[in-house]
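Structure record follows, encoded as structure tokens.
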Amino acid sequence: MENSTQVKLFYLFGLQETFNNKSVYFILSLITYLLIITVNLTLIITIIQEKGLHEPMYIFLCSLCVNGLYGTAGFYPKFLLDLQSDVQVISYGGCFTQAYVIYTSVVCEISTLTVMSYDRYVAICKPLLYHTIVTSLTVRKLLLFSWCYPLFAGLIALSLTVRLPLCGSRIDKMFCDNPSISKHACLPITINQIWNKCLVVLHVLQVLFIAFSYCQIVRTCVKSSKGRFKFTQTCVPHLLTIVIFITVTLFDILQGWNSNVNVSLNMRNAMAIQFLVIPPVLNPIIYGLNLQQIRRAVFRKFNTYKIFDIRSQR
């Protein structure tokens, strides 16, 4: 406590090895962020406007896209500003806000993927009971779980971190997160570590539930050629994205809480932002545009706008 200071600014040192190529990174990051906004908004608007898409699977997909926009909004605007600055700093409140947004977005992603795997399990393994089990009330409860649980868990994690007096302000990443802030605590962070381990256990349970759901789906689908085609079209891309997301997220969590891991700064940066790049871009494409109903609705909408523009020009 004697060495604690009143931290007003945090210094981000994650970009130290990119000073010579900041303009290139800025252009690539801007293109990526604009792509994320475009594909996710396109899918969200399409699902909202098309009454034929007001089904549980598409509603959960819409929620996943909203979370993609939410999480990336906590990273890309500040990151793009940092690429144009000589010194990367962030205010005390801004750092905790960014940590909260990114943290809750990651947890919400896992929760939504869990909900989607349950929906696919019921739809494929119990098709005759699907509308009896997955009612409108059930959909609302699942959506409430996928959003309220992450927001509540993030609030607790944030509260546990805010209470700590800090003895430093250096963040060795491109963005703020709870482990990076907690490393500068002047007091033991035992409670924070216990809470983090509890959340990891909950996440592992969700991953096991996803794995169980897809094991049951595979057992059902392999019995017929139609089932195998349906699994390949809707579930294989889903599983691939889940594996990538879980791998990079667990790497970032373990690296964040274990300072003994010897990994280069570039590698840490590359792994740390994977869940802020891959899921927001691929989710709308894999889960949305790959589905025939959504693809038709999107193309129909663009064709309508095109015809409207031609008529207005005439």
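This ranking places Glu109, Glu50 by how few other beta-carbon atoms lie within 10 Å of each, fewest first, which gives Glu50, Glu109.
The string of couplings for region 63-74 from the Karplus curve (6.51, -1.76, 1.60, θ = phi - 60°) is 4, 5, 5, 4, 5, x, 5, 5, x, 5, 5, x Hz, one whole number per residue in order, with x for Gly and Pro. I need the calculated FRET efficiency for the pair Val7 and Leu250, taking r as the beta carbon distance and R₀ as 41 Å, to the nearest 0.05. Efficiency, from the Cβ-Cβ distance: 0.90. Working ranking of peptides 97-104, 119-126, 188-195 by packing, defined as the average number of other Cβ atoms within 10 Å per residue, highest first, is 97-104, 119-126, 188-195. Remark: Lys183, Lys8, Lys78, Lys51 ranked as Lys51, Lys8, Lys183, Lys78, counting other beta-carbon atoms within 10 Å and listing the fewest first. Just list whichever of Lys8/Lys197; Lys78/Lys183; Lys51/Lys197; Lys141/Lys197; Lys78/Lys141 have alpha carbons separated by over 31 Å in the model shown. Violating the 31 Å limit, Cα to Cα: Lys51/Lys197; Lys78/Lys141.
None of the figures in this text is laboratory data; all of them are computed from the coordinates on show. None of the values given here were measured: they were computed from a predicted structure. Counting neighbours? That spans all protein chains shown, and the Cβs are built from the backbone with ideal geometry, glycine included.
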